[in-house]
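The values are calculated or read from the model by the stated rules, or taken from the named source; none is laboratory data. Since the model is a prediction, treat every value here as computed from it, not as a measurement. Every residue, glycine as well, gets a Cβ built from its backbone with ideal geometry; the counts of neighbours run over all protein chains shown. For the accessible areas, the whole protein counts, side chains as well, though only heavy atoms, and no ligand, DNA or RNA atoms are used. Shrake-Rupley method; radii C 1.70, N 1.55, O 1.52, S 1.80 Å.
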Amino acid sequence: MSSSSSHGIHTLLEAEKAASEIVEQARAYRIEHLKEARKMATEDINALQTRKNEELANIQKQGADQSELTKTIQADTSDKLTAITAQFEKNKQDAINKLVSAVTTAEL
């Protein structure tokens, strides 16, 4: 019996060792997959951050373009208003003279 119980104990120890190796392999597999998942998540976050930074830069550029466009429009409007005012001042007296002449001269 001693040899059979020794053989049984030895079999149990071998089974325990095999089970321990399987558990260790499962842990290593899980750790490796967690590292891989963490790496992929970091890459996704970096890609998203890069894309959002580009979008922000585009929005800021559009805002700067809008500001530049507004300045251009204001300058153009100011120039046109100055030209119109100068034209008015130049032709004002002629218009007054024509109106006075038309009112005071009557055809019979």
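For the chain, the longest principal axis of the C-alpha atoms and the axis of helix 2-104 are separated by about 0°.
So, with a 1.4 angstrom probe, what is the percent of accessible area on segment 1-107 that is carbon and sulfur?
Details: 5900 of 9920 Å².
Answer for segment 1-107: carbon and sulfur cover 59 percent of the accessible area.
Surface exposure of the chain, expressed per residue as accessible area with a 1.4 Å probe, stands at 94 Å². In the set (i) 67, 16, 10; (ii) 102, 11, 4; (iii) 25, 15, 14, the label that goes with semi-axes √(5λ) of the Cα gyration tensor in Å computed for this structure is (ii). Using the Cβ-Cβ distance between GLU16 and THR50 with R0 set to 41 Å, the FRET efficiency from 1/(1 + (r/R0)^6) comes to roughly 0.20.
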